[in-house]
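The structure appears right after this line, and notes come after that.
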Amino acid sequence: MERLVRRPSLKDVAREAQVSYQTVSRVLKGEGRYADATKERVRETAARLGYLPNSAARALVTRRTRLIGVIADGSPRYGPVSTLVAVQAAARDADYETLIATVYNPSQEEAQTIVDDFLRHGVEGIIVVAPRVPTAQISRLGKLPVPAVILAPGEINREGFTVFSEDQELGARLATEHLIGLGHRRIMHLAGSQEWLDGQVRLRGWRAALDAASLSALPVRYGDWTGVSAYVIGQALVESGALPDAVFVASDLMALAFIRALYEAGVRVPDDISIVGFDDNEFADQMFPPLTTVRQSFDLVGRRCMEILLGLIKGEEVDTTPATPQLIVRSSTALRTV
């Protein structure tokens, strides 16, 4: 029978490096003051032996699991996926592991079952990535025995759940104000699905900017975040013969397809119509023309979310001021010439 190879322990590293196991533990945690040569010898020995910390054993000693439960919306779209990746990266940077459950239209019973499972694993806190209304309903579970942060634009704090997000309503206002500043007065909004909180707050920001400038709002055209929906809306708009001066499109993907429909009909961007998107997707600056858009910082959101959760775990005051998006001006917008 093949003999199982024993996993190297902290004491194996200490014996090989000729130091105490307390020294090994502290050096690998980045604690204590030791000579550079000692720290280098410990780290080199640990790497050579293939030593990995035992999180279960650490939890028994410290009574902390360093586990975070993450409930993520099951949508495969750019925003939710990017947000989840950012949260996971921020957790790793904070030396936490994540347990992830994806949901799409969770009932309260399903949400409670997931939370209960997280608690059985000993999570120290929970993060909910909730771009859509059904996922945001998880905040109605009530007070939990561990801190919980919900990433949900436009939502408010509820008992047991602290809300944080990027200020997408502000982003929509920045986009619309940019078009107003270029002299455009007939500014349409091609909205995303209103089942999404993102779609709701971006629509709200567009309207607020028009109201502040005493401009009338044109009828809203509603897409579903897909390029296909925006392409069809673009075709219909051209055929109607009632093109606006400019369009604020709720996502870069929809803007890409919308611009294609315009070009196929001989409508030039930005000569005939200015277009602003939202997201600053990786292809935004590769479009023709390069797309003026609102940049969301998913990395910043992930880091801030973890900072808030860790602060709550420690019982500290936390800053939940929304992250600020940035308007990126490129070539798809221009001064109104008529």
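The strands (runs of 3 or more DSSP E) found entirely in the range 183-297 that carry 1 or more residues being in contact with a Lys or Arg (Cβ under 6 Å, 6 or more places away or on another chain) are 187-191.
The condition of being surrounded by 18 or more Cβ atoms within 10 Å (Cβ to Cβ), closer than 25 Å to R77 by Cα, modelled with pLDDT of 95 or more and of a type in the set (A, V, I, L, M, F, W, C) holds for only one of A148, A209, A152, that being A148.
All conditions but one from (1) part of a helix (DSSP H, G or I); (2) free of Cβ contacts under 8 Å to residues at least 24 places away in the same chain; (3) closer than 30 Å to V149 by Cβ apply to E316; the one that does not is (1).
Scoring I150 on the criteria (1) in a helix (DSSP H, G or I); (2) touching a Lys or Arg at 6+ places or on another chain (Cβ under 9 Å); (3) among the β-branched types (V, I, T) leaves a single failure, condition (1).
Looking at T98, is it hydroxyl-bearing (S, T, Y), at pLDDT 90 or above and assigned to a helix (DSSP H, G or I)? Judged against the criteria, T98 is not a match.
With respect to the conditions (1) closer than 21 Å to A90 by Cα; (2) modelled with pLDDT under 95, I308 lacks only one, and its number is (2).
Checked against (1) at pLDDT 95 or above; (2) buried (at least 24 other Cβ atoms within 10 Å of the Cβ); (3) within 24 Å of the chain's Cα centre (by Cα), Y222 passes all but a single condition, namely (2). Residues in the range 101-147 that are within 20 Å of V301 (Cβ to Cβ), outside any helix (DSSP H, G or I) and of a type in the set (S, T, Y): T102 alone.
If you check F278, F298 for being under 21 Å from the mean Cα position of the chain (by Cα), of a type in the set (F, W, Y) and within 28 Å of S216 (Cβ to Cβ), only one passes: F278.
So, of the residues in the range 237-256 that are surrounded by fewer than 21 Cβ atoms within 10 Å (Cβ to Cβ) and of a type in the set (G, A, S), which turns out to be nearest to T333 (Cα to Cα)? Out of the qualifying residues, it is A242.
The values are calculated or read from the model by the stated rules, or taken from the named source; none is laboratory data. As the structure is a computational prediction, the values presented were derived from the model and not from experiment. Don't worry about glycine lacking a Cβ; one is built from the backbone with ideal geometry, like all the others, and counts go over all protein chains shown.
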